[in-house]
Amino acid sequence: MTALVTYQVISRYVFNSPSAVSEVLSRYLFIWLVLLGASFVFGLREHMAITFVKEKLSFKVRTVVEIIIELITAVFAFTVMITGGYSSATRQMWQMDSALQIPMGVIYSVIPIAGGLILFYFVVNEAKLLSALFNHQTESKGES
């Protein structure tokens, strides 16, 4: 993306001949980067969150709240990103991008891909949260 944008700036301002391909391709790559990056950050559980209230909760309640939040995100990823994204991508397969001459559905396909990654990370994160909750309950019973 950096090379494409640099090429675009040079071709536009130095040679006075802007490149439509580099402009469109860098825009689409940016969209892919944002959606795939958001999926990855969700997997790391590093997304933005307001944790003031959550930090005041006990470990057990906080873990249950985190499980519910992950579940809500997974429902969104499935309904909007996978189901809606797949539908949108397949509907746009006939429409070609004017600059790149590729189907717009290929560009839209990142939406269900990112949704699938979010669901994958949801399963991984839920397993970790449930394991932590179970281990904490086992340790608490052992101390009693």
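In this entry, Lys56 passes the filter for residues that are out of contact with any helix residue (DSSP H, G or I) (no Cβ under 8 Å at 6 or more places or on another chain) and farther than 30 Å from Val9 by Cβ.
Within region 111-130, residues that are among the polar types (S, T, N, Q) have Cβ atoms under 6 Å from residues that are part of a helix (DSSP H, G or I) in these pairs: Asn125/Glu70, counting only partners at least 6 apart in sequence or on another chain.
Look at region 1-20 and say how many of its residues are small (Gly, Ala, Ser) and outside any helix (DSSP H, G or I). Result for region 1-20: 2. For region 21-58, the set of residues classified as part of a helix (DSSP H, G or I), over 21 Å from Val110 (Cα atoms) and either touching a Lys or Arg at 6+ places or on another chain (Cβ under 7 Å) or of a type in the set (A, V, I, L, M, F, W, C) (or both) consists of Phe52, Val53, Lys54, listed by residue number. Is region 61-78 home to any residue that is loosely packed, with under 15 Cβ neighbours inside 10 Å, over 19 Å from the mean Cα position of the chain (by Cα) and either of a type in the set (D, E, K, R) or at pLDDT 95 or above (or both)? Checked against the condition, which is being loosely packed, with under 15 Cβ neighbours inside 10 Å, over 19 Å from the mean Cα position of the chain (by Cα) and either of a type in the set (D, E, K, R) or at pLDDT 95 or above (or both), region 61-78 yields no hits at all. The set of residues in region 26-60 being among the basic types (Lys, Arg) and either surrounded by fewer than 13 Cβ atoms within 10 Å (Cβ to Cβ) or in contact (Cβ under 8 Å) with a residue 12 or more places away in the chain (or both) consists of Arg45, Lys54, Lys56, Lys60.
Of the residues making up region 86-144, those that are aromatic (Phe, Trp, Tyr) and either under 17 Å from Ala74 (Cα atoms) or exposed (fewer than 15 other Cβ atoms within 10 Å of the Cβ) (or both) are Tyr86, Trp94, Phe120, Tyr121, Phe122, Phe134.
A Cβ distance below 6 Å, combined with a sequence gap of six or more or placement on separate chains, defines the contacts here; from region 1-20, residues that are closer than 16 Å to Leu100 by Cβ and polar (S, T, N, Q) reach residues that are assigned to a helix (DSSP H, G or I) and at pLDDT 85 or above in the pairs Gln8/Ser22; Gln8/Glu23; Ser19/Gln8; Ser19/Ser11.
The values are calculated or read from the model by the stated rules, or taken from the named source; none is laboratory data. The structure displayed is predicted, hence computed values, not measured ones. A quick note on method: Cβ atoms are made from the backbone with ideal geometry, for glycine too, and the neighbour counts reach across all protein chains shown.
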